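Everything below concerns the one structure shown next.
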Amino acid sequence: MLALEAVSVVRGEAVLLDAVTAQLTAGRCTAVVGPSGAGKSTLLRLLDRLEEPTSGTVLLRGRPLRELDVHDVRRRVGLVQQAPVLLGATVLEDLSTGTAVDAHEAASLLERAGLPGMALDRTTTGLSGGEAQRLCLARALAVRPEVLLLDEPTSALDAVATADVERVVAALVADGLTAVLVTHDLAQAARLADDVLVLERGRLVEAGPAARSGYLARA
């Protein structure tokens, strides 16, 4: 689905990513883990063209991202950020931010995101952190992305809300969606991921099935 070929990102004298080559398989959840400052969020931003590599190539289904229209990339590759950012005054308005969504479609999206029966005219200011993050998931799904990027999606949530979001992500992957999860929580990566990429100081030091990861075994 996605691939990085000898991708480096250099900002001044800082090497954020150093010749990273990796494959992210369709229909699976790939966790990107490593210590703070390892380059995890930089890698994720490359996949959505929020950043460009200094050298190397990022590909989506075999085509370099730089050859694709950036708006097309962001329709095909959705991003859910660490802190939920709501863009509409009501639930329906928020879901309709990226594309027109009618009431039936909105209800279906909310159900997929683990919010069945939520009132479409409910104001977004009254949502809990967990509800807001799942609404962001539903909004990302509204444009029918091929890939969902998740940047520390539960780091600001309590244990109950975290479990709710994890169930939603697991169900989406089980339905065939491709997910890329950046997380500092190794136990979460072990629960959700099929594959793992381990970064340290911008370098890829481990890649493969999560079940055989020595790094995740530390969880």
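The values are calculated or read from the model by the stated rules, or taken from the named source; none is laboratory data. Keep in mind it's a predicted model, so treat the numbers as computed, not measured. Glycine gets a Cβ as well: all are built from the backbone with ideal geometry, and neighbour counts include every protein chain shown. When the accessible area is computed, the model is the full protein with side chains, heavy atoms only, and any ligands, DNA or RNA have been set aside. Shrake-Rupley method; radii C 1.70, N 1.55, O 1.52, S 1.80 Å.
Remarks
- Once the C-beta distance of Arg11 and His184 is scaled by a Förster radius of 25 Å, the resulting FRET efficiency is 0.70 to the nearest 0.05.
- Accessible surface, per residue, of the chain when the full set of protein chains is kept, probe 1.4 Å, Å²: 46
- The figure for His184 is an accessible area of roughly 120 square angstrom, using a 1.4 Å probe on the protein chains alone.
- For Thr178, the amide hydrogen comes within under 5 Å of the amide hydrogens of Gly27, Leu148, counting only partners 5 or more places away or on other chains and with H modelled in the peptide plane.
- The angle separating the long axis of helix 159-174 from the principal Cα axis of greatest extent in the chain is about 80 degrees.
- Residue-by-residue Karplus 3J(HN,Hα) for the stretch 81-92, coefficients 6.51, -1.76, 1.60, Hz, glycine and proline x: 7, 4, 9, x, 10, 9, 10, x, 6, 10, 4, 5
- MRE, 222 nm, helices only [DSSP H, n ≥ 4, -39500 (n - 2.57), over the chain, to nearest 500]: -9000 deg cm²/dmol
- Amide H partners (placed H, <5 Å) of Val196, local residues excluded: Ala31, Gly208, Ala210
- Ranked from largest to smallest solvent-accessible area, with a 1.4 Å probe on the protein heavy atoms, Leu186, Leu44 come out as Leu186, Leu44.
- Cys136 - accessible surface, heavy atoms, 1.4 Å probe, Å² rounded to 10: 10
- Under the convention that each Lys and Arg Cβ holds +1 and each Asp and Glu Cβ holds -1, the size of the dipole of the chain around its Cα centre is about 400 debye.
- Rounded to the nearest 10 degrees, the inclination of helix 103-112 to the longest alpha-carbon principal axis of the chain is 50 degrees.
- Rounded percent of accessible protein surface that carbon and sulfur make up, the stretch 2-64, 1.4 Å probe: 48
- For the stretch 109-204, the fraction of 1.4 Å probe accessible surface lying on carbon and sulfur atoms is 48 percent.
- Mean separation of Cα contacts under 8 Å (6+ apart) over length of the stretch 96-216, as relative contact order %: 19
- Here the Karplus relation 6.51 cos²θ - 1.76 cosθ + 1.60, evaluated at θ = phi - 60°, turns the backbone of the stretch 12-25 into coupling constants of x, 9, 8, 9, 7, 9, 10, 6, 7, 10, 7, 10, 10, 7 Hz, with x for every Gly and Pro.
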